[in-house]
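**Student:** Structure in structure tokens, see below.
The values are calculated or read from the model by the stated rules, or taken from the named source; none is laboratory data. Small disclaimer: the values here were computed from a predicted structure and weren't measured. Cβ atoms come from the backbone with ideal geometry, glycine included; neighbour counts cover every protein chain shown. Each accessible area value is taken on the protein alone, full model and side chains, heavy atoms only, with ligands, DNA and RNA left out. Shrake-Rupley method; radii C 1.70, N 1.55, O 1.52, S 1.80 Å.
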Amino acid sequence: MLSKITVSPGPHISEPHSTRSIMGDVIIALVPAMFAAIIYFRIRAFVLIGVCVGTCVASEWLCNLIRKKPNSLDDLSAVVTGIILAFSVPPALPWWAAVIGSAFAVIIGKMVFGGLGANIFNPAMVGRAFLTASFGMLMTTWTVPVTLDTTMPEIAATGRGAITQATPLAWSKQAIKKKVDTKVVAAQLDASLIGQIGGCLGETSSIALLIGALYLVLKRTINVNIPLAVLGSAFVVAAMCHLINPNAYIPPWLHLTTGGMLIGAFFIATDPVTMPLSTRGMWLFGTGVGALIMLIRIVGEYPEGVMYAILIMNAVTPLIDRFCKLTPAGGVPNA
Amino acid sequence: MTETSAIVILIAAILTNNILLTNFLGMCSFVACSGQIRTAVGLGTAVTFVLTMTTMINYAIYHLLLVPAGLVHLQFIVFIAVIAAFVQFVEMFVERFSPKLYFALGIFLPLITVNCAILGASLFMVIRGYNFAQAVGFGFGAGVGWALAIILMAGLRQKMNYSDIPEPFRGVPVTMIVTCVLAMAFMGFAGMVSIQ
């Protein structure tokens, strides 16, 4: 009788989640945004997603081969990194830059620390930060969706064989500097919901991302505390600025639907490896990400700050965990 | 430069122009002493205090002594001597009045003498032509920024103690890689406030 009872130390996992199932869910949740990307950016989307996923998987396989470690491709984390990196680069990025970014993301962002679970930064964001630092021009050239009307004022340089245009966030930056009216930007709310705007490959369509996010929340793959904290704090900061000066600062809901805000809040900040463990810690982490995003968007030099905010808060995560220690069941030991 | 307020310079020295993550000064003690959060906090506090004080003293010496006497070319030697003397003084003071703190800081106090961030701050102050208030703001901000970076790094390194890092990357190399990613992350603060 007793031999049928397994005795083991905690934590006792009661949910049917495995690394593979979590990563699989994330991939499923990213499919709507993938469709949106393919509709708006056609062949470029295919190429970028394919190149990023392929390079990420190949890099991980190579690292395991060099270290003579068992193959870890089964956990699908390299595929997720590849898709998220592809989603967060401009559609016009050349394939070779995508290869460099993906290899950097997996090798330096993850495998150097010992593989999945040991990385201290989100690998996709490490890759993107490296690309931004290395190829600033390529990372800020925005191709507009095939379906977009081009009557909006142009700010970015044209060229590269496709129509390029500034993103709503770049316009918002210009509005702060009093070069464009905020109404120009505010008129784009509908467009930013379905994704008819310039921007990174996978972040343009808010609705597609929200469908995926809803799936993750319903399946309890992600913890809803972090997205709520990110979006909530960003909304509060944006609303305060908008109330103070509606002519300079775009409405707060636009800040939520444009740029990498949604993909960052639901898919990147919730990376289980690099987020805090306790609920209090998650709220601190999320609030920090949201506030930093708005700080960078409003006062910084860059129009978008999701990547930097998440990387900085990833670095703070060990300290947050330290100050928000979980109390073990049964109370504080040796108190 | 005189119109930039000391507060702006203080914030810039912490975030946009972090002396460790943008100028890469003070790397040696940063790498050597970032293993534990406790020691990182101790060293960070000590560096902040010494940085603020030596920037003030060096400001006074530079503008009241070296410039009138035409001995500006001696600034390197004078600054180093001031820093060494000041650290020695702090060490004696702490040992006399708070032996507990003295033993807690232990080897870190003398180590501060050779921390290039401290000499760097004094030299930046001269190069950028700060007035006294700006110099104090810059010295204090540079210290806080350095402390922030080393405390973040200590947290990350304690977390990495549990991971299976490949043999060639253990210790210093992985610390350098993390510093590189941290520096890229701090690029996000660019342009918020600027000092030369």
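**Student:** Whether any residue in segment B:101-112 is open to solvent by 30 Å² or more (accessible area, probe 1.4 Å), away from chain A (no Cβ under 14 Å) and either touching a residue at least 24 places away in the same chain (Cβ under 8 Å) or closer than 27 Å to B:A12 by Cβ (or both) is what I want to check.
**Tutor:** Yes: segment B:101-112 contains one or more residues that are open to solvent by 30 Å² or more (accessible area, probe 1.4 Å), away from chain A (no Cβ under 14 Å) and either touching a residue at least 24 places away in the same chain (Cβ under 8 Å) or closer than 27 Å to B:A12 by Cβ (or both).
**Student:** For the condition small (G, A, S), at pLDDT below 95, more than 25 Å from A:S18 (Cβ to Cβ) and in a helix (DSSP H, G or I), what is the one hit in A:A86, A:A92, A:A36, A:A103? Quick ask: steps written out before the conclusion?
**Tutor:** Values: A:A86 fails: more than 25 Å from A:S18 (Cβ to Cβ); A:A92 fails: in a helix (DSSP H, G or I); A:A103 fails: at pLDDT below 95.
That would be A:A36, the only listed residue that is small (G, A, S), at pLDDT below 95, more than 25 Å from A:S18 (Cβ to Cβ) and in a helix (DSSP H, G or I).
**Student:** Just to verify a result, which residue in segment B:135-188, among those that are among the polar types (S, T, N, Q) and not in a helix (DSSP H, G or I), is nearest to the other protein chains (Cβ to nearest Cβ)?
**Tutor:** So the first thing to find is which residues in segment B:135-188 are among the polar types (S, T, N, Q), and the list is B:158, B:161, B:163, B:175, B:179.
Add one more test, that the residue is not in a helix (DSSP H, G or I), and what stays is B:161, B:163.
On the way: B:N161: 11, B:S163: 3 Å.
In this case the residue turns out to be B:S163.
**Student:** Kindly indicate which of B:T22, B:T39, B:T52 is hydroxyl-bearing (S, T, Y), closer than 22 Å to B:I151 by Cα and over 14 Å from the mean Cα position of the chain (by Cα).
**Tutor:** On the way: B:T22 fails: over 14 Å from the mean Cα position of the chain (by Cα); B:T52 fails: over 14 Å from the mean Cα position of the chain (by Cα).
Testing whether each residue is hydroxyl-bearing (S, T, Y), closer than 22 Å to B:I151 by Cα and over 14 Å from the mean Cα position of the chain (by Cα) leaves just B:T39.
**Student:** Which one of the conditions (1) surrounded by 24 or more Cβ atoms within 10 Å (Cβ to Cβ); (2) within 15 Å of the chain's Cα centre (by Cα) does A:T132 fail to meet, given that it meets all the rest?
**Tutor:** (1)
**Student:** Given the conditions (1) out of contact with any Asp or Glu (no Cβ under 8 Å at 6 or more places or on another chain); (2) at the interface with chain B (Cβ under 9 Å from one of its Cβ atoms), report the number of the one that A:T258 does not fulfil.
**Tutor:** (2)
**Student:** Criterion first (in contact with a strand residue (DSSP E or B) (Cβ under 9 Å, 6 or more places away or on another chain) and modelled with pLDDT under 85) does A:G198 satisfy it?
**Tutor:** On the way: in contact with a strand residue (DSSP E or B) (Cβ under 9 Å, 6 or more places away or on another chain): yes; modelled with pLDDT under 85: yes.
Taking the combined requirement at face value, the residue satisfies it.
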